[in-house]
Amino acid sequence: MEAIVMRSEELKLDKVIAEDIFANTQYPIIYKDTKVKSEHLRVIDLFNLKTVLVYNDLEEIKSNAVNTEKDSITVPVPKYISFQKYYNDGITELKKEFLNWSAGGKIDLTKVRGIMIPLIEKVLEDRSYIFNLNNYSNPKDYLYHHCIATGLIVAVIAKKMGFERGDIIQLAIAGVLADSGMSRIPARIRDKKNSLTEAEFGEVRKHPYYSFMLIKNNPAIKEIMKVAIYQHHERLDGSGYPNGERIGNISSFAQIIAVADVFHAMTSERLYRSKQSPFKVMEMIKEEEFGKFDIKVVQALIDIVVDLPIGTKIELSNLELGEVMFINKYAPTRPLVKLNRTGELLDLSTNRSFYISRVLTNDY
């Protein structure tokens, strides 16, 4: 296809870039064959590029707009309910359910679904909500936050991996219930601020079994999801529990819950540990925990965390504020960022003293 040089100010949306575009960067800031979107126009403007090579349109698509008049109908606008409102209400309701389980009660799946479905719908629509989950959590109520957050992260991963909507919801509910068995662990162990003794940790390691027993006879939960709940602490290298299963014997659904479980745990403040950056945690899971998790699941979560639109507002580990300018596909957790205070461009892939501590979503 013929290519032409076009002045940047004349570049229109949906034009296709005809060559890799560099701007004193090791890797292209925009790749060949990219269809131009608004964020690409912003990058071109920020890097002060005067011209761009694009493919020439061979055909013009003509369309006639047909204006149709419709009777004016007044439709009541539904009241907007924020994600955080749904989330906080969910935590309150899950606490009640958890206390019931602690007292020997059965899991009411209808109530659990009622808590989770509105939240699942919102994160499937906008995955950026998962960046705020560790900010909502607190050490005192961590367990309830962890159950709901794990389910939501599971939903986003499952969607990224191409699962059908029904399976996404089933798997997300399984993620919520994976730690339901912690309700059968004595509160003095669950809420202990110091390190657990070997005996106490042995009790905690029983919670996948207790979770399984709570849902074992529930016909509304698929058997494969029950297995996933039981196995969510198993690891591919045999280092997990309760049975020390290895690759080949561990459910793929269990691996999705496992990655979501670890990601939220490591990014949240606990009674005995401060929270860590999602970007730092992804590096740790990929490097330090290599061999324990299904790499396809890990990569799906990495893609979710690092797939930041150009212009995304971020905070660095040194508390500097900035915005994402370019994602380096060879070091996706360390993009090129522009600092708000100085306008300096900082390549986190070469300057490893800093990292993104958090993404500033619309809630900030």
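Remarks
- Distances between every pair of Cα atoms in the range 77-198, grouped in 10 Å steps from 0 to the bin holding the largest one, split as 12, 44, 32, 11, 1, 0 percent.
- Prolate/oblate/rounded call for the range 103-174, Cα gyration tensor, a/c under 1.5 rounded: oblate
- Taking all protein chains into account, the per residue accessible area for the chain stands at 54 Å² (1.4 Å probe).
- Label-to-label distance, nm, for residues given as E125 and I247 (7 Å Cα→Cβ offset): 4.0 nm
- Panel note: the C-alpha atoms of the chain, placed on their principal axes, show extents of 70, 61, 41 Å (largest first).
- Loop sites in the range 303-346: trypsin sites (Lys or Arg not before Pro), DSSP, at most 11 other Cβ within 10 Å: K329, R341
- Within the chain, the longest segment free of exposed loop sites, counting GluC sites (Glu not before Pro) that fall outside DSSP classes H, G, I, E and B and have at most 11 other Cβ atoms within 10 Å, spans 165-287.
- Atom-type composition of the exposed protein surface of the chain places 50 percent of the accessible area on carbon and sulfur (1.4 angstrom probe).
- Length released on extending from I117 to D33, taking residue separation times 0.36 nm less the Cα-Cα span: 26.4 nm
The values are calculated or read from the model by the stated rules, or taken from the named source; none is laboratory data. The structure displayed is predicted, hence computed values, not measured ones. Using ideal geometry, Cβ is built from the backbone for each residue, glycine included, and neighbour counts are taken over all protein chains shown. Note: accessible area is taken over every heavy atom of the protein model, side chains too, but ligands, DNA and RNA are not part of it. Shrake-Rupley method; radii C 1.70, N 1.55, O 1.52, S 1.80 Å.
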